[in-house]
Amino acid sequence: MLEYDYSNSFDNNGKMKNIKTRLLITHILFWVAMIFMAYFAENVVVFDFNDFQRGFTAVEYILLFIGIIAILSYFFYCEHKYNGLSVKWILLSILILIVIGAAIGIFSTPEIQTFKAVEIVDEVETIVTKEFVTTMDQKIKSLFYVLLAAVGVYIQVIVLPRLITFRKYIIFLFYIAVGVAVISVFLSYVLDYSSYVHLAKYGLVGYIFPVSFLFNRNMYALMILIGMLAMYNIISTLPKWWNYLILIFLLVNLFFTFSKASVGIASITFVVHFIYRMVVTFKKHKIRNSVFLGIVGLLGICVIFLIPFPFFMDIKLFSTARNFIYDYYVKLGIDSYGSRSQIWESVGTISQGIHLWFGRGLWIFNDTLLFYTGEVANHRPEYFSHNGFVEILGQWGLIGLIPYCLGILGLIVLIFYAAIKDYKVGIPALIVFGAFLGYTMVETSTLFDLTIEGIATTVIVTLPTLSWLNAKRHPEINRQIVLAAENLEYHMPKTDGAKFERQATMWTALLLGLGLIFAFFFLKSISAQMAVYIMSSL
């Protein structure tokens, strides 16, 4: 954790100094850094219209890494200058050890890995040797990601809750997540129009699941689920009727994806959150809440009717629903779990020896898993392990998994503590955290990941509780920050535009020059054809 010396941030009357700089510059730098790190983690170029969503080249990757480091350096400099930022060495030491361990795992991976596989040759089972190549370019990229991932954990755990300690800011962030979910649904109506028409006319036979602007239905379903989880926290502090309508709208559209994990988790959390709201508001709305709880009770009885008891079997409505649930959720769910168990066994196989302790690094692990599941294990190729904990084991090894599990355990304790002290913060946090745990057991979703969905999940799962704890530890400081942020009118001083342009040009040219020198040196070290690369880039 970080400790801040706020003594220099207040004058003799207790009012904050430099609040304009602190709240404007540091917040802008923080979110710019987070956006660029998410872009870096996705490893996808979205601005090249000739080759849409291609991966970064080595030069682009290095330049982006240097740019992010420059932004982060200036951010931490501003935090130190205006807030007396000091380092909590325990967390930093743990992260350094994890980085060193990950580097060992990455560079101990042989360039050519061999695996034994069984194939049918001339109708005879034959053991063959499969080779998988890992390049130095992949290792360098994985090391860069490890370095930024450590910084990402640092600022998401410590800096983010301190920056965001008041209700309006948190609600604003959560509404962004909800807004993205709602927009993705409306885009799906346009992009997946034929899917909805087919579902209405012919049902699930030949149904193509909607994906909106995302790659697959599970990602689209996760986007909607994140919006729902954000809405639980919003409703706890802002219980307006339109928030309930948005929540129901997202739940209904989530069913169209037929993503088993997301639909199941969303349905359970929706019911739990609904009962929670009815209980905590019962004194103010006894008649209304009694009716709603009665409706929930009737729905519970209907669920009982779905159980295949002999005297319920002849009821056509429940029989049809029962068959649908069995065919699509139970039967396919069992098959899905069986395929996931095969993936987890494959992760265990390729994570032996030194890789059990230090992992293989991002992308190297996933590329190896894709090769192993498709070429060696002879089942459907999988790039991800479909389990957050297993994914961390494969990428970071036990040296990363053990601290992660301890952090999860500490977060559970903190959320229960918050639920005891302030149910408006703690109870929704418990519901959201339970949803995350359920989802991470069957899909590759982790906290403190730098991807877009990883940052969104981290904010929704951890931010309310961590911000509440930070405000509780420093109530007077938090009160001053909140008052300043909510009431301050910004009057920005006039800036010498010409001077700013000269300085910006100088520093940009310097950074780009250093970055290009390093990039060219790196390309030369891997025997890259510089002339071919430059000509192809023009």
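Taken along the Cα-to-beta-carbon direction at a fixed 7 Å, the label points for residue 378 and residue 409 span 4.1 nm. Eigen-decomposition of the gyration tensor built on the alpha-carbon atoms of segment 184-237 gives equivalent ellipsoid semi-axes of 26, 11, 10 angstrom, largest listed first. Peptide packing for 437-444, 211-218, 126-133 was compared via the average number of neighbouring C-beta atoms within 10 Å per residue; ordered from the highest value, the list is 437-444, 211-218, 126-133. Ordering 196, 293, 207 by Cα displacement along the dipole of segment 167-296 toward the positive end leaves 293 in first place; charges were set at the Cβ atoms of Lys, Arg (+1) and Asp, Glu (-1). Subtracting the Cα-Cα distance of residue 295 and residue 32 from 0.36 nm times their residue separation leaves 90.0 nm of extension gain.
Within the accessible surface of segment 96-176, defined with a 1.4 Å probe on protein heavy atoms only, the carbon and sulfur portion equals 66 percent. For segment 124-202, the solvent-accessible area of protein heavy atoms averages 46 Å² per residue (probe radius 1.4 Å; ligands and nucleic acids excluded). Would you mind checking 260/283; 141/168; 283/472; 81/139; 88/421; 260/472 for any pair whose Cα atoms are more than 30 angstrom apart? Beyond 30 Å: 260/283; 141/168; 81/139; 260/472.
The convex hull defined by the C-alpha atoms of segment 140-194 has an orientation-averaged projected area of 6.2 nm². Classification of segment 157-288 by its C-alpha gyration tensor yields an oblate form. The axis ratio a/c (a ≥ b ≥ c) is 1.5 or more, and b/c is at least a/b. The convex hull drawn around the Cα atoms of segment 412-464, when projected onto a plane and averaged over every direction, covers 3.4 nm². Work out the FRET efficiency for residue 147 and residue 417 from their Cβ-Cβ distance, taking R0 = 25 Å, and round it to the nearest 0.05. Efficiency, rounded to the nearest 0.05: 0.15. Our note on the geometry: Cα centres of segment 169-187 and segment 58-94, 28 Å apart. As a rough guide to protection, the peptides 380-393, 343-356 ranked by mean Cβ packing within 10 Å, highest first, stand as 380-393, 343-356. Note on residue 107: accessible area is roughly 90 Å² with a 1.4 Å probe, heavy atoms of protein only. With both labels modelled 7 Å from their Cα along Cα-to-Cβ, the residue 88 to residue 190 distance reads 4.5 nm.
The values are calculated or read from the model by the stated rules, or taken from the named source; none is laboratory data. Please read these numbers as outputs of a predicted model, since none were measured by experiment. Methodologically, a virtual Cβ is constructed for each residue, glycine included, from the backbone with ideal geometry; neighbour enumeration extends over all protein chains shown. Quick note on the areas: whole protein, heavy atoms, side chains included, nothing else; ligands and nucleic acids left out. Shrake-Rupley method; radii C 1.70, N 1.55, O 1.52, S 1.80 Å.
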